[in-house]
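Working notes for the structure below.
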Amino acid sequence: MTARTAATGSPAVSARDAAGLADWLDGIIALPGDDAYAGECATYNLAVPQRPAAVIGAASAKDVRSAVW
């Protein structure tokens, strides 16, 4: 069974999984509660708040590949 976040019902990302992905990134990965989370989730359409289980602050094309792979 997959753990889900209370706010969105989306699959939760464990700190261990986030740390594993962070090893592959040039940028950052932020989870809800992290200082960078709100800024990385910000969009131009503020009427529709985004609350993903994790957010990648991609700094390179490699980060994008790592995040979606």
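The values are calculated or read from the model by the stated rules, or taken from the named source; none is laboratory data. Just so we're clear, the structure is a prediction, and the values are computed from it rather than from any experiment. In this analysis, Cβ positions are derived from the backbone assuming ideal geometry, glycine residues included, and neighbour counts consider all displayed protein chains. Side chains included, ligands, DNA and RNA excluded: accessible areas come from the protein's heavy atoms. Shrake-Rupley method; radii C 1.70, N 1.55, O 1.52, S 1.80 Å.
Quick grid of which residues meet (1) modelled with pLDDT of 90 or more; (2) touching a Cys at 6+ places or on another chain (Cβ under 8 Å); (3) closer than 18 Å to Trp69 by Cα:
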{"position": "Asp23", "(1), (2), (3)": "yes, no, yes"}
{"position": "Pro32", "(1), (2), (3)": "yes, no, no"}
{"position": "Thr43", "(1), (2), (3)": "no, no, no"}
{"position": "Val48", "(1), (2), (3)": "no, no, no"}
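Cβ-Cβ distances below 7 Å connect the following pairs, each with a first residue in region 45-67 that is open to solvent by 40 Å² or more (accessible area, probe 1.4 Å), a second residue that is of a type in the set (S, T, N, Q), and a separation of six or more residues or different chains: Gln50/Thr43; Arg51/Thr8; Pro52/Ser10.
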